[in-house]
Amino acid sequence: MGTQERIVVVGASLAGLRAAATLREEGFAGALTLVGTEPHRPYNRPPLSKSVLEGDDDVSLPGSEEIDADFLGGRGAVRLDDGARTVTLDDGAELPYDGLVIATGARPRRLPGDRADLAGVHVLRTLDHALELREALAGVQGRVVVIGGGFIGGEVASTARAAGHDVTVIDAAEPMARVLGGTVSSWLAGHHRDNGVDLITGTRVTELTGEDGRVTGVRLDDSWTVPAGLVVVATGVVPNTEWLEGSGVRVDDGVVTDDRLFAAGHADIVAAGDVARWPHTLFGDETVRIEHWSNANEQGAHAARNLLRGPLEAVPFSQVPALGTRVHGTRVQYAGLPHLADASTVVEGAPEDGRFSVAFTRGGVLVGAATVNFPKELTRLRKAIAAGESL
Ligand SMILES: Cc1cc2nc3c(=O)[nH]c(=O)nc-3n(C[C@H](O)[C@H](O)[C@H](O)COP(=O)(O)OP(=O)(O)OC[C@H]3O[C@@H](n4cnc5c(N)ncnc54)[C@H](O)[C@@H]3O)c2cc1C
């Protein structure tokens, strides 16, 4: 156990909450502060693109009500001095620390020219975003255009279709092709179309058009404009690391850590969740930044335990990433890192039956799996990936 007396956790969402709770569970009895830009107590994001859009307000995150820490909500860290060991907040307050957990997550990427000033243009990351989008969907006149066919774009498109809207999804490639490979993304493309979504692929958005301060369309690189009553920009996220500029913490599309989640070169700073980039020992030390719930959940706890143990006793983090979504009611899941694969094959079921699993291998060794309507298969393949099995 380390000798910290004051630990600061920056970022009050899933990873930060789990870190704070774990510090207490592991016996840390010193001063603990949890800082978060959002005014809300930590809440659960997955429902934001699912049940919340359908009218259910439950975003509760177990453990959020009884945080045994000073919770500073609505306040953001703007500077880290890792020499003096202080975090400066946006109101000028300085928080000294012996141990620091960085859990500042990520925010939606904006497109060049996506005109955030236009009414009717939405992103989806926070509870406030979701409530705004829900209200806008209820009153939308015209087509809902979703830019980006990834997990969140796919979920928003499904919800909007189920509510009876005309929906267009625009993506440079078939949905989730980079993450899930060709077989699953082709199936997904057909699934969207079968469910009435107008899916436009192989094109890029150049700008949003507007009239009287309201969005009216999405212009594509072939000069065609898709008319829009409401636009959701779902083109991925960027990690929240600006506050670390000028500090000695290394940032490269996320906070770069070692395999035990210590910020490179720091024995008193760990990072966890969507903001952390670490070398994954299971995948040949490939550095990864994972934007999934179970990763943030486990990593927040793991980083906290390692911070208390100190670098010498710390344990590498090597959980196999996994994510699930529902697109027009069908369960799509994946595990591991399919994008590392040099080969993939359907191992069970068949795409034409709408129930199948795909295994991804690199040099014959399993590195990823994707399933459609086949949760049992995902569990089996995820275990096989963790065991480093060959196909
Ligand atoms: C709509 C939606 C649906 C999702 N659905 C799924 C799903 O079905 N399955 C799944 O596996 N994953 C899903 N995810 C992803 C999952 O929610 C994230 O992986 C998880 O929230 C990451 O947690 P985190 O704590 O690392 O970061 P975040 O949740 O991004 O939280 C970071 C927090 O830090 C705060 N912050 C940022 N900068 C500062 C600063 N300088 N000072 C203080 N605070 C700061 C932010 O305001 C934020 O509250 C979804 C995400 C979204 C947005």
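Please give the peptides 344-352, 180-188, 95-103 ranked by average Cβ packing (other Cβ atoms within 10 Å per residue), highest first, as a rough proxy for protection. Could you put the intermediate results ahead of the total?
Details: 344-352: 14.6, 180-188: 20.7, 95-103: 24.6.
Ranked by mean Cβ neighbours within 10 Å, highest first: 95-103, 180-188, 344-352.
Taking the DSSP beta bridges in segment 110-235 as the whole, what percent of them are antiparallel, to the nearest 5?
Values: 9 of 24 bridges.
Antiparallel bridges: around 40 percent, rounded to the nearest 5.
Go through segment 200-216 residue by residue and turn each phi into a ³J(HN,Hα) via Karplus (6.51, -1.76, 1.60, θ = phi - 60°); whole Hz please, and just put x for glycine and proline.
10, 10, x, 9, 10, 7, 9, 6, 9, 9, x, 9, 6, x, 10, 5, 10
Name the residue, out of Thr257, Thr33, Thr86, whose mean-square fluctuation peaks in a Gaussian network model built on the chain with Cα pairs under 10 Å.
Thr86
So which residue, out of Gly142, Gly254, Gly236, gets the largest mean-square fluctuation from a GNM of the chain using Cα contacts under 10 Å as springs?
Among Gly142, Gly254, Gly236, the largest mean-square fluctuation in the Gaussian network model of the chain belongs to Gly142.
Can you give the longest run of the chain that contains no trypsin sites (Lys or Arg not before Pro) sitting in a DSSP loop with at most 14 other Cβ atoms inside 10 Å?
Values: sites that count: Arg109, Arg110, Arg204.
Longest stretch, sites excluded: 205-391.
Once you compute Rg and the Kirkwood Rh from C-alpha atoms, what is the Rg to Rh ratio for segment 110-235?
Values: Rg = 13.5 Å, Rh = 14.4 Å.
Using Cα coordinates only, the ratio equals 0.94.
Once the whole set of protein chains is in place, how much accessible area is left on Asp166, using a 1.4 Å probe, in Å² to the nearest 10?
About 90 Å², rounded to the nearest 10.
In segment 41-112, what GluC sites (Glu not before Pro) fall in a loop by DSSP, with at most 15 other Cβ atoms inside 10 Å?
Details: sites: Glu54, Glu65, Glu66, Glu94; in loops: Glu54, Glu65, Glu66.
Here the GluC sites (Glu not before Pro) that fit, given the DSSP loop and packing criteria, are Glu54, Glu65, Glu66.
Taking θ as phi - 60°, what are the ³J(HN,Hα) couplings along segment 28-35 by the Karplus curve (6.51, -1.76, 1.60), each to the nearest whole Hz, with x for Gly and Pro?
5, 10, x, 6, 10, 10, 10, 10
Assuming a ≥ b ≥ c are the square roots of the Cα gyration tensor eigenvalues, decide whether the chain counts as rounded (a/c under 1.5), prolate (otherwise, with a/b larger than b/c) or oblate. Mind dumping the intermediate values first?
On the way: a/c = 2.01, a/b = 1.31, b/c = 1.54.
Judged from the Cα gyration tensor, the chain comes out oblate (a/c at least 1.5, b/c at or above a/b).
As a check on your grasp of the helix formula, calculate [θ] at 222 nm for the chain: sum -39500 (n - 2.57) over DSSP H runs of n ≥ 4, divide by the residue count, round to the nearest 500.
Numbers: 6 runs with 83 residues, N = 391.
It lands at -7000 deg cm²/dmol.
Quick one: with all protein chains in place, what share of the accessible area of the chain is carbon or sulfur, to the nearest percent (1.4 Å probe)?
On the way: 7570 of 16290 Å².
Carbon and sulfur: 46 percent of the exposed surface of the chain.
Enumerate the amide H contacts of Thr126 below 5 Å, restricted to partners 5 or more residues apart or on another chain; note that Pro and chain-start residues carry no placed amide H.
none
Would segment 38-85 count as rounded, prolate or oblate if I go by the C-alpha gyration tensor, calling it rounded below 1.5 in a/c and otherwise prolate when a/b exceeds b/c, oblate otherwise? Don't jump to the answer; show the numbers that get you there.
Values: a/c = 3.40, a/b = 2.13, b/c = 1.60.
Prolate shape, in that a/c is at least 1.5 and a/b is the bigger ratio.
State the Cα centre-to-centre distance between segment 336-391 and segment 56-121 in whole Å.
Spelled out, the Cα-based centre of one part sits 36 Å from the other.
For segment 5-155, just say rounded, prolate or oblate: build the C-alpha gyration tensor, square-root its eigenvalues into a ≥ b ≥ c, call rounded for a/c under 1.5, and beyond that prolate if a/b exceeds b/c, oblate if not.
Details: a/c = 2.85, a/b = 1.85, b/c = 1.54.
Prolate, because a/c is 1.5 or more and a/b exceeds b/c.
The values are calculated or read from the model by the stated rules, or taken from the named source; none is laboratory data. A quick note: this is a predicted structure, and the numbers were derived from the prediction, not measured. Cβ coordinates were reconstructed from backbone atoms using ideal geometry, including for glycine residues, and neighbour counts include every protein chain displayed. Areas reflect the complete protein model, heavy atoms only, side chains present, ligands, DNA and RNA absent. Shrake-Rupley method; radii C 1.70, N 1.55, O 1.52, S 1.80 Å.
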